[in-house]
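Rule-based calculations on the coordinates, nothing more; no lab input. Just so it is clear, the model here is predicted, and its values are computed rather than measured. A quick note on method: Cβ atoms are made from the backbone with ideal geometry, for glycine too, and the neighbour counts reach across all protein chains shown.
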Amino acid sequence: MDQKGFDINTLLSQGAKLRGAGSTTLSTPWGASSDRSDLIDLRVGMPDRETLPSAAFSKHISKILESGNAKALEYEYGSGDPDLKSILCDPSNGFTDHLSTTDQFSFYNGSSGCMEAFCATFVDKGDVVLVEGPSFPGTVRAILRSEGLIVEIGSDLDGASIEEIEEAYLDAVQKGRHIKAFYTIPDFHNPLGRTMSLSRRREIFEFCQDRGILILEDTTYSSLYFESPPPSSIYSISSGVGVLQMGTFSKTIATGLRLGWLHGDANFIEALHKTRSDLGNVPFIQNAVTQFILSGEYGEHITAMRLLYGNKCRNLCNSLDENCGDYIEYQVPAGGFYLWLRILGIDAADLVKQAWEDGLVFPDGNLFFQDPVENDNCIRLAFSGTPKDKLLEVGPILRRSFEKILD
Ligand SMILES: Cc1ncc(COP(=O)(O)O)c(C=O)c1O
């Protein structure tokens with residue numbers, strides 16, 4: 001069709017422009033795509049392909065569709081599978097650590113959908129959302145779409161800095177701005193890999209509670225611990241007051257399910273429901289996930305995943321320690337999909353380029369900051385999707401890249 005007369009830049013919303021639409025920069029800043037089969041790809045945190053429970057889902061989905069229940073293929077208007085909500089409510093099933101009721105859950109298109117729903121419901125132009133810097137870029141994009149202002153909060157080994165939250169709070173008060181939430185990933189953070197200590201969770205909860213700052217707790221990786229579960233969630237510390245939790249089956253089962261949930265006070269869940277315009281999630285996917293959990297298959301799967309990702313992380317760390325010990329600093333994560341490395345002696349950006357030539361692809365840490373100046377010369381390695389043995393090759397390749405740059 002002739003597009004003459006249709007200038008996309010005059011049509012784009014401000015929010016879309018803020019998210020980069022209409023600009024000439026790449027929409028996915030994860031490095032060029034490539035058909036180079038030799039590349040070890042550590043860009044994206046995805047479940048291991050070999051472990052996707054295709055056979056179990058094929059069985060459950062077939063049964064659901066063969067049952068002839070038309071509801072499986074109809075709009076569900078966001079009401080959500082009641083059986084799945086009942087499962088999520090019960091702490092013994094491991095999806096929350098606080099007893100809740102079914103009206104405290106609502107399903108969305110992954111955790112990303114939860115964030116979009118949160119912003120559409122609560123964030124106005126100029127509202128402040130506090131976000132750990134660095135953080136998951138999808139969250140940043142959702143806030144920008146609502147024209148919210150992001151204030152990045154730095155962290156130490158215990159988690160997000162109370163001092164920086166306080167600074168941001170005082171600054172917002174002085175400027176007459178409303179802080180709508182503090183978004184945090186306390187367990188096995190993306191990209192830092194860190195877990196917030198119990199004492200920091202309590203301090204942050206108390207600080208935010210006293211000042212009316214809602215906490216948005218992203219539990220995307222919480223079930224993916226290698227040995228021991230993370231400390232109590234901020235949600236459970238708060239007994240559900242002033243905290244909204246987001247969860248997803250993307251990393252524990254499969255990203256393609258596009259099924260996540262918001263968990264919180266029933267009034268908040270209802271308000272979020274009322275702003276919804278997508279007519280709900282896919283009912284047969286919700287049913288299939290329910291069956292996968294009720295059959296016991298999920299329990300076996302998640303136990304195996306914890307072991308697998310723990311082994312992958314160990315292989316990667318061993319390979320790095322043996323080959324690159326003088327060139328990097330990092331903390332070993334206790335769960336999740338990521339290793340965050342500080343690069344010593346050379347520029348992380350140069351390492352990203354050289355490693356690509358040498359057969360390794362991963363993102364520069366800059367991509368996880370709103371303000372790249374805050375970056376401390378880091379890179380992120382996602383180990384979840386790469387075969388265990390391949391991870392042993394990472395250290396030697398990276399060492400060669402370091403040596404070439406330093407030569
Ligand atoms: C912290 C965090 N939250 C949310 C998401 C998005 O997950 P989903 O696939 O459920 O939208 C990701 C994906 O990488 C993530 O790392």
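Values as computed for the structure displayed
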item	result
Value of D in µm² per second that Stokes-Einstein yields for the stretch 52-95, Kirkwood Rh from Cα pairs, at 25 °C (0.890 mPa s)	197
Space enclosed by the convex hull of the alpha-carbon atoms of the stretch 93-153, per residue, Å³	114
Protection-proxy order for peptides 180-193, 352-365, 68-81, 215-228, each taking the mean of Cβ atoms within 10 Å per residue, highest first	180-193, 215-228, 352-365, 68-81
Virtual spin-label span in nm between residue 388 and residue 93, 7 Å along Cα→Cβ	3.0
For the stretch 234-331, convex hull of alpha carbons as volume per residue, Å³	176
Estimated [θ] at 222 nm from DSSP helical runs (n ≥ 4, -39500 (n - 2.57)) normalised by residues in the chain, nearest 500	-12000 deg cm²/dmol
FRET efficiency, 1/(1 + (r/R0)^6) with R0 30 Å, evaluated for residue 18 and residue 357 via beta carbons	0.35
Over the chain, equivalent-ellipsoid semi-axes from the Cα gyration tensor in Å	32, 27, 24
Long-range HN-HN contacts of residue 108 with modeled amide H, under 5 Å	260, 261, 262
Largest-first principal axis extents, alpha carbons of the stretch 54-295, Å	60, 40, 28
Protection proxy ranking of 140-148, 233-241 - average other beta-carbon atoms within 10 Å, highest first	140-148, 233-241
Per-bin percent of Cα-Cα distances, the stretch 188-278 [10 Å]	15, 43, 34, 9, 0
Compactness of the stretch 119-172 as Cα Rg over 2.2 N^0.38 Å, two decimals	1.15
